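*Asks:* What follows is a single structure, and I will ask about it in a moment.
Bear in mind these aren't lab numbers, they're just calculated from the coordinates by the rules spelled out. Quick caveat, the model's predicted, so the values are computed rather than measured. Note that we place each Cβ from the backbone using ideal geometry, even for glycine, and neighbour counts take in every protein chain shown.
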Amino acid sequence: MASALTILFLEPSYPKPSISLSPSWGVSLGGAVAVWCRGQRQGMRFVLNKEGRHFPPVASNGLEAVFHISNVSREDGGSYSCSYQNRSGSAPASSPSDPVELAVRDPSLPRPSISLSPTGVTAAGADVTIRCRGQRRDVRFFLHKAGDLNPPGHMDPAGDGAEFHIPSVGRQDGGNYSCSYRPRSEPFVSSDPSDPVQLVVAAPPGCPDFTNANIARLALGAVVLLVLGLILAEAYYSRLREMP
C-alpha cells in the first residue's frame, strides 16, 4: 500500500523589506554603489539577489544591511531585490522586496540635449513638451526630475529624439529636468544625463503667492519684535535714570 505524500507550503514569516541605492540614480563605470536593504525585525540575515545571482548574506544587529559593490562594471547593471530571515534559518524568509534598478553610466556615450516648449515661465494649466535628443538610434530615453524618488519616465524615440508631454501643468510640476538614454542592446547601461533645464510654472490668476506672503509675514514679525525690544530698552534705562 503506497503511503500518502504530504507537501507543506511555508508562507513567508516576515513582512517584505524595502531596498534602495546610494547614489540613488546610477553610477559610472568603475565607481561604487551601496545597496541598502531594510526589514522590520532586528537581528536578521539579509540576502541580495540580482536576476538569479545571490550575494553572500549579511547579518545585521539592526533593521538594515548594506551591500557594497565596488569597481562597477556593465554586468552589475540590472534589477535587484532583497529578502531576510532569522539567522538560524529556522523560519521561512520574507517575500522579496520590490525591485530597484541599477543603471551603469558609460561616459563614452555622448550626452543628450534637452529643451522645453514653450520656453520661459509657463502658465498653470498649459501643456508642456520636453524634448530629448541624442546622437544614437535604437535607444530608449529616460526623463528625470531632480528630487523625485519615483522611477524615471521612459519613452521610445522617433528617430534620434523623444518627446515627453506634461498636460495641464501645475506648480508641483515645476523643477529641474534632465534626460538620458540607454541602448536597447544594453538596457541597464546609460549615458550621462543632459544638462538640466528648469520648468517654471506661474501661479494661477487670483492665487496668492504663499512664498511672498510668508516673506512679508516674517518681515512684519521682525519689525514688531524690534519695536518691542526698543520699548523695553527705553523703559529699562528710564528706570535706571530715576533711581538715586
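*Asks:* Would you calculate the separation in nanometres between label points at Asp192 and Thr129, each defined as 7 Å from the Cα along the Cα-to-beta-carbon direction?
*Replies:* According to this spin-label approximation, the distance is 2.9 nm.
*Asks:* Hey, another quick one. As a footprinting exposure proxy, order Met155, Met44 by other Cβ within 10 Å, with the fewest listed first.
*Replies:* Met155, Met44
*Asks:* Something else now. What net charge is computed for the residues neighbouring Pro167, neighbours being all others with C-beta under 13 Å from the C-beta of Pro167, Lys and Arg scored +1, Asp and Glu -1?
*Replies:* -3
*Asks:* To the nearest 0.05, what FRET efficiency results for Leu149 and Asn86 with a Förster distance of 51 Å applied to their C-beta separation?
*Replies:* My answer for the efficiency is 0.95.
*Asks:* Give me His154, His54 ranked fewest to most by other Cβ atoms within 10 Å of their Cβ, as a rough exposure proxy.
*Replies:* His54, His154
*Asks:* Just to be sure I follow: if Rg is taken over the C-alpha atoms of segment 113-201 and Rh is the Kirkwood radius over the same atoms, what is Rg/Rh?
*Replies:* Value, to two decimals: 0.97.
*Asks:* Given Cα pairs under 8 Å that are at least 6 residues apart, what percent is the relative contact order of segment 113-201?
*Replies:* Contact order relative to length: 36 percent.
*Asks:* Under 14 Å from the 7 Å Cα→Cβ point of Ser28, by amide nitrogen: which residues of segment 105-119?
*Replies:* Answer for this model: 105-111.
*Asks:* Using a simple spin-label model with points 7 Å from Cα along the Cα→Cβ vector, what separation in nm is obtained for Leu225 and Ser185?
*Replies:* It is 6.3 nm.
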